[in-house]
1. Of all residues in the range 153-172, which are crowded, with 17+ Cβ neighbours inside 10 Å and not hydrophobic (A, V, I, L, M, F, W, C)?
2. Given the criterion surrounded by fewer than 20 Cβ atoms within 10 Å (Cβ to Cβ) and touching an Asp or Glu at 6+ places or on another chain (Cβ under 8 Å), identify the matching residue among ASP358, ASP348, ASP340, ASP327.
3. Any residue in the range 299-307 that is at pLDDT 95 or above, surrounded by fewer than 20 Cβ atoms within 10 Å (Cβ to Cβ) and either among the aliphatic types (A, V, I, L, M) or not in a helix (DSSP H, G or I) (or both)?
4. Collect the residues in the range 46-73 that are hydrophobic (A, V, I, L, M, F, W, C) and out of contact with any Pro (no Cβ under 8 Å at 6 or more places or on another chain), keeping them in residue-number order.
5. Do the conditions hold for GLY203, that is, is it surrounded by 21 or more Cβ atoms within 10 Å (Cβ to Cβ) and either outside any helix (DSSP H, G or I) or basic (Lys, Arg) (or both)?
6. Answer with yes or no whether GLY406 is within 14 Å of the ligand (Cβ to nearest atom), modelled with pLDDT of 95 or more and not hydrophobic (A, V, I, L, M, F, W, C).
7. Within the range 314-323, identify whether any single residue is in contact with a strand residue (DSSP E or B) (Cβ under 9 Å, 6 or more places away or on another chain) and modelled with pLDDT of 95 or more, and answer yes or no.
8. Only one of ARG247, ARG175 is of a type in the set (Lys, Arg), in contact (Cβ under 8 Å) with a residue 40 or more places away in the chain and either touching a Pro at 6+ places or on another chain (Cβ under 8 Å) or crowded, with 21+ Cβ neighbours inside 10 Å (or both). Can you tell me which?
Amino acid sequence: MMAFTQILWRRVTIVSFVAFFGFVGPSTGAQQTAAIAAAHPLATAAGYAILERGGNAFDAAIAITAALAVVEPYSSGLGGGGFFLLHRAGDGVQVMVDARETAPSGVTNAHYFDRDGKPIRGASIRGGTAVAIPGVPAGLVHIAERYGRLPLTVTLAPATRLAREGFPIDVRYARIAKLRETFLQSGANTQGFLDKGRAPSTGFVLKQPELAATLERIARYGFAGFYEGRLADAMIEAVNQAGGAWRRADLTSYKVIEREPVRFNYRGARITTAALPSAGGIALAQCLGMLEGFTLGQVGEASTDHLVIEALRRAFHDRARYLADPDFVQVPVARLISADYARRRAADIDLTHATRSDALEAVETAHFESHDTTHLSVVDSEGNRVAATITINLLFGAGIVPVGTGILLNNEMDDFSLRPDVPNAFQLRGSIANRIEPRKRPLSSMTPTFVEDDKGVLILGAPGGSRIVSQVLLAILQYLQSPDPDLEGLVSMPRYHHQFWPDLVEIEPNRYTPEWRAAIAAKGHAIQSANRAWGNMQAVFKAKRDGVAQAASDPRGEDVGWY
Ligand code: GLY
């Protein structure tokens with residue numbers, strides 16, 4: 001029996017789709033062999049429009065990423081970065097396109113600490129010192145050139161149109177703009193996200209003509225269109241005027257990196273997930289590796305959840321000890337995800353009692369990234385797949401839009417650890433391995449993932465900072481426990497989280513029964529109910545049996561009132 005309540009449960013959006021500007025979605029009734037899940041129906045529609053034009057899943061992912069930059073500008077965009085996990089059906093090639101932002105080469109400690117060594121408040125969150133070199137435009141160009149079938153002039157067209165003609169903002173946009181109203185009023189050229197200086201109401205048509213011109217420029221000139229010339233000049237000027245230290249070479253030398261994904265097996269399923277500089281895939285492999293040694297019940301049963309919490313505790317402990325950009329720090333990845341190591345790490349898990357985090361070897365604690373990210377999952381009729389998680393970090397990023405560009409710049413520098421004793425935006429301390437160094441990529445938690453088993457393939461991911469790992473882990477456990485995939489159940493299931501420090505189990509409000517809480521507390525876990533639900537999972541499933549595909553979007557993304 002599931003030991004939780006599903007208060008205010010609402011059916012999730014299956015294949016979010018809105019007919020808008022003539023986009024054509026999947027015909028109802030017919031069995032679909034392609035599916036898309038994204039955080040906004042207009043982005044989903046942009047992806048379907050590209051599939052209908054003969055594009056593959058990679059082309060669709062480009063269109064969706066660009067459309068999300070327009071319709072969900074507070075989460076991701078051309079001024080940010082991300083990871084695109086690809087599977088090419090024809091030859092089975094699987095790769096993670098790492099389009100993560102990089103630290104500019106001019107940054108020094110003086111940008112973040114005053115003469116007395118005290119951290120400068122907000123330096124990694126707001127203004128020029130917060131902004132890392134964006135990776136998304138290079139990622140889109142790379143995917144188009146190497147994996148796509150259609151030119152960027154076609155795949156970026158739906159987003160360009162949305163930016164130029166405008167779109168009616170939804171309840172989420174209105175709520176987030178209200179939350180960040182003062183930030184947007186006082187930001188560098190961010191007033192375009194408001195309506196006459198105030199947070200717009202639902203239905204307000206937001207037009208972004210400069211962003212449309214930027215998308216056209218990238219479509220026409222590719223990498224050079226963004227990283228050189230007029231746009232590059234505008235970005236450097238805006239960032240440096242706001243106290244940053246960007247150099248032209250930081251932009252021209254930006255490189256997408258193709259990385260081998262993290263791969264492992266769990267109880268007969270093959271899992272492919274994010275590699276460093278995301279910590280997410282390694283944490284997922286470690287948790288499932290540890291859990292493989294136990295007989296598990298259902299997720300939602302306290303005895304099983306206790307084990308999941310203990311696995312998370314240990315994986316996040318290792319994250320803090322070892323993980324960072326692998327081009328700067330030697331990380332023993334193979335050892336960390338090996339079965340032997342998982343067995344040894346799990347050896348001190350007590351079935352009846354919580355381990356205290358401070359009983360594990362002392363370590364600087366893990367970094368806790370923002371919630372303001374987005375994920376998209378795509379499969380096409382040929383079986384090509386994309387799981388991509390992209391971000392500008394905190395809501396509306398660094399609050400800088402270089403004049404004439406429409407590009408909202410990220411504040412991904414906050415994903416670095418300034419110093420072990422300096423807490424980040426979430427009052428947590430950081431790790432030395434993840435300290436700022438020129439051209440280094442900040443450690444991430446983004447976990448785009450494929451799960452293949454006898455049923456078919458599940459493509460999933462979510463926003464939520466370090467809570468991404470627990471979201472994806474819980475969904476995978478639930479998926480593997482059921483003979484028939486219930487996508488709606490996966491994206492809407494209640495969530496809990498543990499990340500080694502602080503030593504507590506965070507739970508979504510109003511989703512767990514008093515009995516469950518009592519059982520978890522009896523094992524010695526401290527429980528903290530969050531003040532709101534978290535995540536916005538996007539999942540796609542393609543069945544092995546008949547190739548039929550389905551998609552589901554997290555109802556939390558619709559602001560359904562779980563808060
Ligand atoms: N900025 C969120 C992450 O990279 O995980």
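The values are calculated or read from the model by the stated rules, or taken from the named source; none is laboratory data. Since this is a predicted model, take the numbers as computed values, not measurements. All Cβ positions, even for glycine, are placed from backbone atoms using ideal geometry, and neighbour counts span all protein chains on display.
1. So in the range 153-172, the residues crowded, with 17+ Cβ neighbours inside 10 Å come out as 154-164, 167, 169-170, 172.
Across the range 153-172, the qualifying residues are THR155, PRO158, THR160, ARG161, ARG164, ASP170, ARG172.
2. Working: ASP348 fails: touching an Asp or Glu at 6+ places or on another chain (Cβ under 8 Å); ASP340 fails: touching an Asp or Glu at 6+ places or on another chain (Cβ under 8 Å); ASP327 fails: touching an Asp or Glu at 6+ places or on another chain (Cβ under 8 Å).
Testing whether each residue is surrounded by fewer than 20 Cβ atoms within 10 Å (Cβ to Cβ) and touching an Asp or Glu at 6+ places or on another chain (Cβ under 8 Å) leaves just ASP358.
3. The initial filter retains those residues of the range 299-307 that are at pLDDT 95 or above, namely 299-307.
Cutting the leftovers down to surrounded by fewer than 20 Cβ atoms within 10 Å (Cβ to Cβ) gives us 301, 303-304.
From what's left, either among the aliphatic types (A, V, I, L, M) or not in a helix (DSSP H, G or I) (or both): 301.
Scanning the range 299-307, I find at least one residue that is at pLDDT 95 or above, surrounded by fewer than 20 Cβ atoms within 10 Å (Cβ to Cβ) and either among the aliphatic types (A, V, I, L, M) or not in a helix (DSSP H, G or I) (or both), so the answer is yes.
4. First pass over the range 46-73, keeping only residues hydrophobic (A, V, I, L, M, F, W, C): 46, 49-51, 57-58, 60-64, 66-71.
Listed by number, the residues that qualify are LEU51, ALA57, PHE58, ALA60, ALA61, ILE62, ILE64, LEU68, ALA69, VAL70, VAL71.
5. On the way: surrounded by 21 or more Cβ atoms within 10 Å (Cβ to Cβ): no; either outside any helix (DSSP H, G or I) or basic (Lys, Arg) (or both): yes.
So GLY203 does not fit the description; no.
6. Numbers: within 14 Å of the ligand (Cβ to nearest atom): no; modelled with pLDDT of 95 or more: yes; not hydrophobic (A, V, I, L, M, F, W, C): yes.
So GLY406 fails the test.
7. No, the conditions are met nowhere in the range 314-323.
8. Working: ARG175 fails: either touching a Pro at 6+ places or on another chain (Cβ under 8 Å) or crowded, with 21+ Cβ neighbours inside 10 Å (or both).
From the options ARG247, ARG175, the qualifying one is ARG247.
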